[in-house]
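A.B. asks: Mind looking over this structure? Questions follow.
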Amino acid sequence: MRLFIPFRHAGLMALPLLAASCTADQLPEEERVIAPILTSAQAIDEFTYARPAEARVTHVALDLDLDFEARRVEGTATLDVQAAQGAREVVLDSNGLVIGGVTDGQGNDLQFTIGAADPGNAEKGEPITIQLGQSTGPDLQQVVIAYASAPEAEALQWLDPEQTAGGRYPFVFSQGQAILNRSWIPTQDSPGIRQTWEARITAPEPLTVVMSGISRGDPEELENGRRAFEFTMDNSVPPYLIALAAGNIEFAEVGARSGVWAEPEMLAAAAEEVGDTEELIDAGIGLFGEYRWGRYDMIVLPPSFPYGGMENPTLTFLTPTFIAGDRSNNGLVAHELAHSWSGNLVTYSSWRDGWLNEGVTSYIENRIVEQVYGEDRAEQEYALSFASLEDMVETNGADSPLTAMRTPDGTSPFDTAGEAIYDKGTAFLKTVEATVGREAFDEWLTNWFDSHAFQPATSEMFLASLREDLVAGDAELEERLMLDEWVYGTGIPDNVVRPDAAAFAEVDAAVTAYAASKALPQATTWRGWTAAEQRRFLAELPERLSADDLAALDRALSLSRSGNNEILFLWLEAALRNEYEPAVPQAREFLARVGRNKFVAPLFQALWDTGEWGQRIATGIYDDTRAGYHSMTRGNVDGIVGYEAGGEAASVN
Ligand code: BES
Ligand code: ZN
């Protein structure tokens, strides 16, 4: 194998690495490395107003108060800005920020304007253009922005006490990915513009603040009944990874490097569920090299958290719905942990390269699961993933741009089918692994992470590196790999390495028997199956089932009593799409209790697709549950049920 040197690939240009001076508490100057801004065509992020080649943010220092009454953060952001020779202004991203004023490091006012929002793309927010001071670059300048977030800031969800497990204290959490952090942090909100950061956040007692960085120690007690919490992130990260949560939360240690935060009511169950975390971390390190973030803590959030998990560095955010009592949904922890290499260490520069973060991560997740839970479980999880990929391709057609891994021009990266990114990405890397051999592939992937650590990347770079180091001029191997077809093409390339059919042999036989004669698995057989096997059976049920069929299924397999929300979800989806009235109360309860978009949106869709029967039910449920959902989940369900602002959910008839 040859040496790996970053940024030597033909056709790619990087701006020079510039040394920066530093602020107090930060790494000394010689240790702070400013990641390059990639300027290749593929690296351009169309969802930022920033012009980093002229002036770029290298460090963010936040000093903010959490105001639960007004539902906003308020304070200052001090940005270190590296300006090119002659640069006169720096452009930041905002989404609804209320700016009080901008000064330089010495307290002199700086002129600024807030530009108009891009009419074609409201979610992009609006640019803040700040006139820089007198100095002639390239050098470092400070810009201090006094601001507050808007109450409807999309990155922040402010929860009433009733929306928490304890019911007594409010809660807030942020979700930055993809382009939401600009609604609470005025910075250059683009994944290719990496920044170090620090923060001081105050909150009323007894709330505790946690962030996606290392805590600087015990909070400072203030005189006004508040406490100040301080954090530092010395690794430069894409700004979507700056994250915060605050509530009545407590910590339980899991291992030497890991622990979990949750409301006290949830803490024991949370700690039990993530009990394998140290082994997962060790597996990741063994496979792909050093864990570079110090701690790996997690927080189990209230149920309105819209995702399964979010890989905020040093502090993964998790949905409480993954808790099943048996660690069967721990692929989620393996997944978020895997982002410590793919996504957080090496990050796509453009949202169009979603697979570079999520596909590579899903592949690593599977490798970690294999290491910790064994080959059978890993193969079953790959088989579930591959089946979703095949379904998605069948639904959209093999030539649909929605099935491409790198989002083609003319398609929004935020509309790309998740399966094209996660599941096709996994299948791609499984295929490369099988073609070049596991040992060579692991060595290459480890080197990819090492040589691009804390730097942005593109599909083009990934492929160039694969070619240079693994294909190495072997024309026959190049042909067998079909690299471009995988990354840029649609559908599933025919060299794909499929999951072993034996992974689900027993379940698939049961599925066939059920489809042929409605023969049900024995209750003992069902209980002996892994969660993945149970999911496979439910996912492969016939589309159309009668009320008698559904009643018999539930009676035999106790589906509606499952303690695993993945199983419960599949049961409810099958029931609702078949207008099974007895499941409606439980669906109502589930949709009020769970805010995870992956569960909520498909259940509303299943109801809606039945026509009048389900639309009436969906409208009724949504009237009660909408206010509790996160803006992301709400946005999706609004689209399904035709909800219009100011009106009711679309009425039926
Ligand atoms: N980074 C994602 C969540 C995300 C993706 C947020 C895109 C915003 C935009 C996270 O790592 C993720 O993939 N979560 C999955 C986990 C699953 C694949 C195990 C989820 O939430 O379901
Ligand atoms: Zn992910």
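The values are calculated or read from the model by the stated rules, or taken from the named source; none is laboratory data. Predicted model, so just to flag it, every value in this text is computed and none were measured. As a convention, Cβ positions derive from the backbone with ideal geometry for all residues, glycine included, and neighbour counts pool all protein chains shown. The accessibility values were calculated without ligands, DNA or RNA, using every heavy atom of the protein model including side chains. Shrake-Rupley method; radii C 1.70, N 1.55, O 1.52, S 1.80 Å.
A.B. asks: Would you mind stating whether ALA77 is aliphatic (A, V, I, L, M) and either at pLDDT below 95 or surrounded by fewer than 17 Cβ atoms within 10 Å (Cβ to Cβ) (or both)?
C.D. replies: Details: aliphatic (A, V, I, L, M): yes; either at pLDDT below 95 or surrounded by fewer than 17 Cβ atoms within 10 Å (Cβ to Cβ) (or both): no.
So ALA77 fails the test.
A.B. asks: Okay, next question. Among the listed residues PHE454, PHE386, PHE462, identify the single one that is outside the structural domain of GLU123 (by TED's automatic domain parsing), more than 30 Å from LEU541 (Cβ to Cβ), open to solvent by less than 20 Å² (accessible area, probe 1.4 Å) and modelled with pLDDT of 95 or more.
C.D. replies: PHE462
A.B. asks: Checking the structure you have, find out if any residue of the range 168-180 is open to solvent by 40 Å² or more (accessible area, probe 1.4 Å), within 16 Å of ligand 1 (Cβ to nearest atom), out of contact with any Ser or Thr (no Cβ under 9 Å at 6 or more places or on another chain) and not in a strand (DSSP E or B).
C.D. replies: Checked the range 168-180: no residue is open to solvent by 40 Å² or more (accessible area, probe 1.4 Å), within 16 Å of ligand 1 (Cβ to nearest atom), out of contact with any Ser or Thr (no Cβ under 9 Å at 6 or more places or on another chain) and not in a strand (DSSP E or B).
A.B. asks: From ALA457, ALA440, ALA464, ALA453, grab the single residue that is touching a residue at least 24 places away in the same chain (Cβ under 8 Å) and more than 16 Å from PHE288 (Cβ to Cβ).
C.D. replies: Answer to the check: ALA464.
A.B. asks: Another question, if that's okay. Taking ALA378 as meeting all but one of (1) open to solvent by 10 Å² or more (accessible area, probe 1.4 Å); (2) away from ligand 2 (no atom under 16 Å from the Cβ); (3) not basic (Lys, Arg), write down the number of the exception.
C.D. replies: ALA378 satisfies every listed condition except (1).
A.B. asks: Take residues that are among the small types (Gly, Ala, Ser) and tell me which of the strands (runs of 3 or more DSSP E) falling wholly in the range 85-158 contain 1 or more.
C.D. replies: The strands (runs of 3 or more DSSP E) meeting that bar are 89-94, 98-104, 139-148.
A.B. asks: Could you please let me know if ALA417 is within 16 Å of ligand 2 (Cβ to nearest atom), open to solvent by less than 60 Å² (accessible area, probe 1.4 Å) and either of a type in the set (A, V, I, L, M) or in contact with a strand residue (DSSP E or B) (Cβ under 8 Å, 6 or more places away or on another chain) (or both)?
C.D. replies: The answer is yes for ALA417.
A.B. asks: Another question, then. Would you be able to tell me the number of residues in the range 329-344 that are over 11 Å from ILE368 (Cβ atoms) and either more than 8 Å from ligand 1 (Cβ to nearest atom) or of a type in the set (A, V, I, L, M, F, W, C) (or both)?
C.D. replies: Of the residues in the range 329-344, 4 are over 11 Å from ILE368 (Cβ atoms) and either more than 8 Å from ligand 1 (Cβ to nearest atom) or of a type in the set (A, V, I, L, M, F, W, C) (or both).
A.B. asks: Which one of the conditions (1) of a type in the set (A, V, I, L, M, F, W, C); (2) touching a residue at least 60 places away in the same chain (Cβ under 8 Å); (3) open to solvent by 10 Å² or more (accessible area, probe 1.4 Å) does ALA245 fail to meet, given that it meets all the rest?
C.D. replies: In the conditions (1) of a type in the set (A, V, I, L, M, F, W, C); (2) touching a residue at least 60 places away in the same chain (Cβ under 8 Å); (3) open to solvent by 10 Å² or more (accessible area, probe 1.4 Å), ALA245 misses (3) alone.
A.B. asks: Name the single residue, out of those in the range 161-207 being in contact with a Phe, Trp or Tyr (Cβ under 9 Å, 6 or more places away or on another chain) and among the acidic types (Asp, Glu), that is farthest from ASP353 (Cα to Cα).
C.D. replies: Only one residue tops the list, namely GLU198.
A.B. asks: Starting from the range 328-348, take each residue that is among the aromatic types (Phe, Trp, Tyr) and list its partners that are assigned to a loop (DSSP other than H, G, I, E, B) and within 10 Å of ligand 1 (Cβ to nearest atom), counting only C-beta distances under 7 angstrom and pairs at least six apart or across chains.
C.D. replies: Nothing qualifies.
A.B. asks: Against the definition (without any contact (Cβ under 8 Å) to a residue 12 or more places away in the chain and part of a loop (DSSP other than H, G, I, E, B)), how does ASP189 come out, yes or no?
C.D. replies: Here the answer is no, as ASP189 does not meet what is asked.
A.B. asks: Name the single residue, out of those in the range 252-279 being touching a Ser or Thr at 6+ places or on another chain (Cβ under 9 Å) and not charged (D, E, K, R), that is nearest to PHE171 (Cα to Cα).
C.D. replies: So the residue we want is TRP261.
A.B. asks: Read through the list (1) at pLDDT below 95; (2) over 24 Å from the mean Cα position of the chain (by Cα), then give the number of the only condition that PRO52 fails.
C.D. replies: (1)
A.B. asks: Please work out if GLU250 is charged (D, E, K, R), within 27 Å of TRP158 (Cβ to Cβ) and over 19 Å from the mean Cα position of the chain (by Cα). Can you show your working first?
C.D. replies: On the way: charged (D, E, K, R): yes; within 27 Å of TRP158 (Cβ to Cβ): yes; over 19 Å from the mean Cα position of the chain (by Cα): yes.
Yes, satisfied.
A.B. asks: Another question, then. I'm checking my understanding of the structure. Among residues of the range 604-620 that are surrounded by fewer than 23 Cβ atoms within 10 Å (Cβ to Cβ) and aromatic (Phe, Trp, Tyr), which one is farthest from GLY635 (Cα to Cα)?
C.D. replies: Looking at the filtered set, the residue picked out is TRP613.
A.B. asks: May I pose another question? Does any residue of the range 278-290 turn out to be more than 30 Å from GLU433 (Cβ to Cβ), open to solvent by 10 Å² or more (accessible area, probe 1.4 Å) and over 22 Å from the mean Cα position of the chain (by Cα)?
C.D. replies: no
A.B. asks: Moving on to the next point. Being surrounded by fewer than 18 Cβ atoms within 10 Å (Cβ to Cβ) and modelled with pLDDT under 95 is the filter; apply it to the range 117-132 and report the residue that is nearest to the chain's Cα centre (by Cα).
C.D. replies: Out of the qualifying residues, it is GLU123.
A.B. asks: Looking only at strands (runs of 3 or more DSSP E) that fall completely inside the range 261-368, which ones have 3 or more residues that are within 16 Å of ligand 2 (Cβ to nearest atom) and not polar (S, T, N, Q)?
C.D. replies: Values: elements: 296-300, 315-318, 346-348.
Output list reads 315-318.
A.B. asks: If you scan the range 393-412, which residues turn out to be within 14 Å of ligand 1 (Cβ to nearest atom) and open to solvent by less than 10 Å² (accessible area, probe 1.4 Å)? Quick ask: steps written out before the conclusion?
C.D. replies: The first filter runs over the range 393-412 and keeps only residues within 14 Å of ligand 1 (Cβ to nearest atom), leaving 407, 412.
Listed by number, the list holds a single entry, THR407.
A.B. asks: Restricting to the range 468-491, and then to whatever is touching an Asp or Glu at 6+ places or on another chain (Cβ under 7 Å) and either without any contact (Cβ under 8 Å) to a residue 40 or more places away in the chain or open to solvent by 20 Å² or more (accessible area, probe 1.4 Å) (or both), can you tell me which residue is farthest from ARG406 (Cα to Cα)?
C.D. replies: VAL471
A.B. asks: Picking from ALA587, ALA601, which residue would you name as being buried (at least 23 other Cβ atoms within 10 Å of the Cβ) and assigned to a helix (DSSP H, G or I)?
C.D. replies: ALA587
A.B. asks: Condition first: of a type in the set (Lys, Arg), open to solvent by 10 Å² or more (accessible area, probe 1.4 Å) and in contact with a Lys or Arg (Cβ under 9 Å, 6 or more places away or on another chain). Can you find one or more residues in the range 293-303 that meet it? Lay out the reasoning, then the answer.
C.D. replies: Initial filter on the range 293-303 (of a type in the set (Lys, Arg)): 295.
Now restrict to residues that are open to solvent by 10 Å² or more (accessible area, probe 1.4 Å): 295.
Then keep just the ones that are in contact with a Lys or Arg (Cβ under 9 Å, 6 or more places away or on another chain); that gives 295.
Among the residues of the range 293-303, at least one is of a type in the set (Lys, Arg), open to solvent by 10 Å² or more (accessible area, probe 1.4 Å) and in contact with a Lys or Arg (Cβ under 9 Å, 6 or more places away or on another chain), which makes the answer yes.
A.B. asks: Please verify whether GLN142 is touching a Leu at 6+ places or on another chain (Cβ under 6 Å), surrounded by fewer than 19 Cβ atoms within 10 Å (Cβ to Cβ) and under 28 Å from ALA35 (Cα atoms), treating the condition exactly as stated.
C.D. replies: No.
A.B. asks: Can you pull out every residue in the range 399-455 that is assigned to a helix (DSSP H, G or I), over 23 Å from the mean Cα position of the chain (by Cα) and of a type outside the set (Val, Ile, Thr)?
C.D. replies: GLU433, ALA434, ARG438, GLU439, ALA440, PHE441, ASP442, GLU443, TRP444, ASN447, SER451
A.B. asks: Considering only the range 226-234, I want to know if a residue exists there that is among the basic types (Lys, Arg) and assigned by TED's automatic domain parsing to the domain that holds GLN188.
C.D. replies: The answer is yes, given that some residue of the range 226-234 is among the basic types (Lys, Arg) and assigned by TED's automatic domain parsing to the domain that holds GLN188.
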